[in-house]
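Asker: Got a structure for you, written out below as structure tokens; questions coming shortly.
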């Protein structure tokens, strides 16, 4: 395996672990800990972190190191507005293009997440949450749109962590997933628009200390 492949692979492993909640927003990423966890050298860790910093997954603090990125209210508002512009039309494309097999796979992913909420730790549940969203938007038929949706979603993860710390919020997300499946089955564009919008903007209704 080439050095580039090692660095690229490490970036993706770190990205997945941050997305799954193994590292919390604002948490410092100590180089020695990452070297030990992933079995790589200091240079490879630095290169991987620099790559994630360019994608806003982590932040570089001069003379201190790297930490998992945090989003403030303004940034999260902007990310949410951008996601609405992408995800609502994409969800309507899914209605048009998903096959029966696609719908079955999406429903299975939604049920797997719902079943896991009270049975597994947060990182494992978050992986299942990601699996649902990947299965859903993979059916929209536009690779560029899919990539943009997932990129913005990853940038919003620090904000989602606090929301997910509350079981009721996670359960609400799961109910949204199940309703998206029902809208998909019935080709209900209006219902799909409503539930995706609610899914993305519910955090705005929470008290500031829960955001």
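The values are calculated or read from the model by the stated rules, or taken from the named source; none is laboratory data. None of these values were measured; they are calculated from a predicted model. Glycine gets a Cβ as well: all are built from the backbone with ideal geometry, and neighbour counts include every protein chain shown.
Asker: Starting from residues that are free of Cβ contacts under 8 Å to residues at least 60 places away in the same chain and closer than 20 Å to residue 149 by Cβ, keep the ones in the stretch 52-65 and report whichever is surrounded by the most Cβ atoms within 10 Å (Cβ to Cβ).
Answerer: 52
Asker: Under 7 Å between Cβ atoms, at least 6 apart or on separate chains: pull out the pairs that start in the stretch 185-211 with a residue that is at negative phi and end on any residue that is modelled with pLDDT under 95 and outside any helix (DSSP H, G or I).
Answerer: Taking only residues 6 or more apart or on different chains, the pairs are 203/211; 210/166.
Asker: Pull up the stretch 151-175, narrow it to residues that are surrounded by fewer than 16 Cβ atoms within 10 Å (Cβ to Cβ) and in a helix (DSSP H, G or I), then point me to the one that is modelled with the lowest pLDDT.
Answerer: Result: 167.
Asker: Now for a different question. Can you name every residue in the stretch 85-101 that is more than 13 Å from residue 180 (Cβ to Cβ) and either assigned to a helix (DSSP H, G or I) or in contact with a strand residue (DSSP E or B) (Cβ under 6 Å, 6 or more places away or on another chain) (or both)?
Answerer: If the condition is that a residue be more than 13 Å from residue 180 (Cβ to Cβ) and either assigned to a helix (DSSP H, G or I) or in contact with a strand residue (DSSP E or B) (Cβ under 6 Å, 6 or more places away or on another chain) (or both), then 85, 86, 89, 93, 96, 97, 100, 101 are the ones that fit.
Asker: With the condition kept exactly as written, say whether any residue in the stretch 125-135 is touching a helix residue (DSSP H, G or I) at 6+ places or on another chain (Cβ under 6 Å), touching a residue at least 12 places away in the same chain (Cβ under 8 Å) and not in a helix (DSSP H, G or I).
Answerer: Within the stretch 125-135, none of the residues are touching a helix residue (DSSP H, G or I) at 6+ places or on another chain (Cβ under 6 Å), touching a residue at least 12 places away in the same chain (Cβ under 8 Å) and not in a helix (DSSP H, G or I).
Asker: Still on this structure: Between 107, 96, which is modelled with pLDDT of 95 or more, more than 18 Å from residue 156 (Cα to Cα), in the same structural domain as residue 171 (by TED's automatic domain parsing) and surrounded by 19 or more Cβ atoms within 10 Å (Cβ to Cβ)?
Answerer: Only one candidate passes the filter, namely 107.
Asker: Residue 92: in contact (Cβ under 8 Å) with a residue 60 or more places away in the chain, more than 27 Å from residue 22 (Cα to Cα) and under 16 Å from the mean Cα position of the chain (by Cα), yes or no?
Answerer: no
Asker: Taking residue 114, is it crowded, with 16+ Cβ neighbours inside 10 Å and farther than 29 Å from residue 168 by Cβ?
Answerer: no
Asker: Looking at the stretch 192-211 only, could you name the residues that are farther than 19 Å from residue 171 by Cα and modelled with pLDDT of 85 or more?
Answerer: Within the stretch 192-211, just 193 meets the criteria.
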